[in-house]
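First the structure, in the form of structure tokens, and then the observations on it.
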Amino acid sequence: MAYKKKTKKVKRQVTAAVVHVQSSFNNTLATVTTMEGDVLLRGSSGKLGFKGARKGTPFAASQVGATLAKEMAVIGIKTIEVNLQGPGSGRDSVVRSLQASGFNVSVLRDVTPLPHNGCRPPKKRRV
């Protein structure tokens, strides 16, 4: 059987990116994408070794931002747009750690989905 020669992974050189931060009460997820939406990097507080209730803390979120910042510097990213989603306490911490790492934050967007009238509520409780 003939072996196929593996192609080398090409390291992308990107100057601007979008950081999507999804912060819930239990965890903080951050994804770095190109402007078109291709995923470059991902990180979460669970990936860094935080377990249980500590995943949802602002400290864990700042650590996520710091580790992503190191990896983003290698790619060559200078300016970022940040999309924040969710009610968690780690929203601001990620942005602060990215700014402290020397990235130029051009846009801060809140993309949390808001129901216009929402789902039908459950029936009235009878006791």
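The values are calculated or read from the model by the stated rules, or taken from the named source; none is laboratory data. A quick note: this is a predicted structure, and the numbers were derived from the prediction, not measured. Note that we place each Cβ from the backbone using ideal geometry, even for glycine, and neighbour counts take in every protein chain shown. Surface accessibility is based on the protein's heavy atoms, side chains included, excluding ligands, DNA and RNA. Shrake-Rupley method; radii C 1.70, N 1.55, O 1.52, S 1.80 Å.
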Of the residues in segment 56-92, those that are surrounded by fewer than 16 Cβ atoms within 10 Å (Cβ to Cβ) and assigned to a strand (DSSP E or B) come to Thr79
Spot the failing condition for Ala53; the list is (1) assigned to a helix (DSSP H, G or I); (2) crowded, with 19+ Cβ neighbours inside 10 Å, and only one is missed.
-> (2)
When only residues in segment 16-27 that are among the hydrophobic types (A, V, I, L, M, F, W, C) and in a strand (DSSP E or B) count, which is nearest to the chain's Cα centre (by Cα)?
-> Val21
When Val105 is evaluated against the numbered criteria (1) open to solvent by 70 Å² or more (accessible area, probe 1.4 Å); (2) outside any loop (DSSP other than H, G, I, E, B); (3) touching a residue at least 24 places away in the same chain (Cβ under 8 Å), which criterion, by number, is the only one it fails?
-> (1)
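So that you can scan it fast, the table gives a plain yes or no per residue for (1) assigned to a loop (DSSP other than H, G, I, E, B); (2) within 15 Å of the chain's Cα centre (by Cα); (3) among the hydroxyl-bearing types (Ser, Thr, Tyr):
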| residue | (1), (2), (3) |
| --- | --- |
| Thr7 | yes, no, yes |
| Val10 | yes, no, no |
| Val14 | yes, no, no |
| Leu29 | no, yes, no |
| Val32 | no, yes, no |
| Met35 | yes, yes, no |
| Arg42 | no, yes, no |
Mind checking which residues of segment 81-102 are free of Cβ contacts under 8 Å to residues at least 40 places away in the same chain and of a type in the set (A, V, I, L, M, F, W, C)?
-> Ala100
Got at least one residue in segment 65-80 being in contact (Cβ under 8 Å) with a residue 60 or more places away in the chain and under 14 Å from the mean Cα position of the chain (by Cα)?
-> yes
